[in-house]
Amino acid sequence: MVRSPQQILQNDYLIARAKIIEVAAVLDRIDRAAASSAEAHAKQSTLNTGSGVPPRSDASPEASASSGNAVYSDPSYQKIQNAIAILSDRLPDKTRRIQELLSRPYTPDWMQQFQLPAN
Amino acid sequence: MDYIDPHIHMVSRTTDDYETLAKMGCVAMSEPAFWAGFDRGSVESFRDYFRQLTDFEPKRAAQYGIRHYTWLCINAKEAENVSLSREVIAMIPEFLDAPNVLGIGEIGLNKNTRNEATIFLEHVELAVKYNQQILIHTPHLEDKYQGTRMILDMLTQDSRIDPSRVLVDHVEEHTIREVLDRGFWAGMTMYPISKCTPQRAADMIETYGTERLMANSAGDWGPSKPTAIPDLILELKQRGHPRALIEKIVYQNPNQFFQQSQKWKSIVDEVNR
């Protein structure tokens with residue numbers, strides 16, 4: 001390698017810093033929207049029931065979805081969380097492993113499934 | 001530093017871009033046929049497009065001393081229209097003798113469907129029949145890994161295909177090794193949003209070496225940067241890589257791959273005089 005690990009860290013620290021903060025900001029944005037949605041849902045439910053007691057936001061899948069919490073079980077959200085876990089481990093090849101995590105799986109028998117002729 | 005952009009869509013760029021590229025050292029480029037941003041309605045649309053690629057663009061490039069080459073096909077996005085695709089494939093031979101046509105491309109997959117695979121195989125048949133080189137488009141984002149493997153399966157199962165005459169473009173960290181291990185040429189596309197950055201391209205060069213590897217901008221009508229190769233040159237210089245390594249990636253490798261076509265050899269020799 002042309003550069004030392006310390007030189008790479010020095011050169012690329014601000015780039016990595018900026019991108020990690022971008023990811024954090026995306027997650028914060030999702031959290032704020034989910035909280036706001038849950039609050040609105042609770043108010044609406046209280047008005048509808050007239051009981052004065054807000055229902056649990058996770059009482060049913062429908063209620064959960066309308067409250068905004070459904071985003072946390074969305075496959076895309078889960079993929080981001082799993083990618084962050086790869087960033088935090090001490091294993092090599094992080095870029096390739098994250099690329100594979102974010103990819104559709106390959107099945108070797110795809111040609112038979114498509115009924116394509118094999119040469 | 002002189003360089004070659006092996007994959008750029010100049011029909012979507014302005015004449016000012018030709019001037020800028022020339023000033024930055026671009027001496028030659030190859031332009032694969034691709035999607036126009038909308039699905040074309042008839043084979044005549046493609047005939048006009050191929051006239052643009054084989055007649056108009058070489059003249060526009062020549063005004064700035066840039067040699068323009070091209071590849072012909074119907075792209076994977078439009079391959080879902082199988083009947084239109086077959087009409088276009090039947091018409092392509094009309095243009096194969098044009099002086100700037102290097103082969104069939106960019107053929108590949110988009111959403112990895114059966115129709116796309118069917119039309120891909122029919123393009124391969126055309127290339128074999130007319131002894132043409134092939135330029136491959138691999139899918140984007142989550143479809144890339146699966147689609148690249150499917151494309152490599154189709155090519156390697158065909159004993160008539162010589163991998164050294166096939167360039168597989170848009171490789172990334174999870175597809176580059178398979179492409180190189182199977183003997184194909186690999187192209188890294190540097191694109192601001194999808195695909196990879198000049199920094200990641202430099203990482204792949206450091207990881208996989210310089211054999212059968214090149215870089216391109218794929219500049220087109222989207223948020224792309226036609227000067228991405230000069231960005232890579234700067235990145236490699238800043239990392240302390242020698243001039244010989246940089247020249248191999250941005251000039252000698254594309255020159256070596258394209259020289260397999262007699263059309264390319266004669267024109268590049270003229271550039272070098």
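Quick note: the coordinates plus some simple rules give every number you see, no bench work behind them. Everything numeric here is computed off the predicted structure, so don't read it as measured data. Here the Cβ positions follow ideal geometry from the backbone for every residue, glycine too, while neighbour counts run over all protein chains shown.
Results, tabulated for the structure shown:
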| read-out | value |
| --- | --- |
| At R0 = 45 Å, FRET efficiency that the Cβ-Cβ distance of residue B:90 and residue A:82 yields, to 0.05 | 0.45 |
| Distance histogram for chain B (every C-alpha pair counted, 5 angstrom bins, percent rounded to whole numbers) | 1, 6, 14, 19, 21, 18, 13, 6, 2, 0, 0 |
| Efficiency of FRET from Cβ geometry, residue B:265 and residue A:100, R₀ 35 Å, rounded to 0.05 | 0.35 |
| Helix-only CD estimate at 222 nm, as mean residue ellipticity for chain B, using -39500 (n - 2.57) per DSSP H run (n ≥ 4) | -12000 deg cm²/dmol |
| Shielding by partners - mean other protein chain Cβ count within 10 Å, residues of B:25-38 | 0 |
| B:177, A:32, B:239 arranged by Cβ crowding within 10 Å, fewest neighbours leading | A:32, B:177, B:239 |
| Where the Cα pairs of the protein assembly as shown fall when distances are cut into 10 Å bins, in % | 4, 21, 28, 22, 14, 7, 3, 1, 0 |
| Cα→Cβ-extended label distance, 7 Å offset, between residue A:46 and residue B:234, nm | 5.6 |
| Computed magnitude of the charge dipole of the protein assembly as shown (debye, nearest 20; Cβ of K, R +1, Cβ of D, E -1) | 720 |
| Dipole moment magnitude, nearest 20 debye, segment B:3-272 about Cα centre, only Lys, Arg, Asp, Glu C-beta charged | 400 |
| FRET efficiency estimate (nearest 0.05) - Cβ-Cβ, residue B:63 to residue B:129, R0 30 angstrom | 0.30 |
| Top positive-direction residue, dipole computed over the protein assembly as shown with Cβ charges, set B:183, A:48, B:156 | B:183 |
| Cα-based shape type of segment B:22-155, given that a ≥ b ≥ c are square roots of the gyration tensor eigenvalues and the cut on a/c is 1.5 | prolate |
| Other-chain or far-sequence residues with amide H under 5 Å of residue B:7's (modelled H) | B:30, B:217, B:218 |
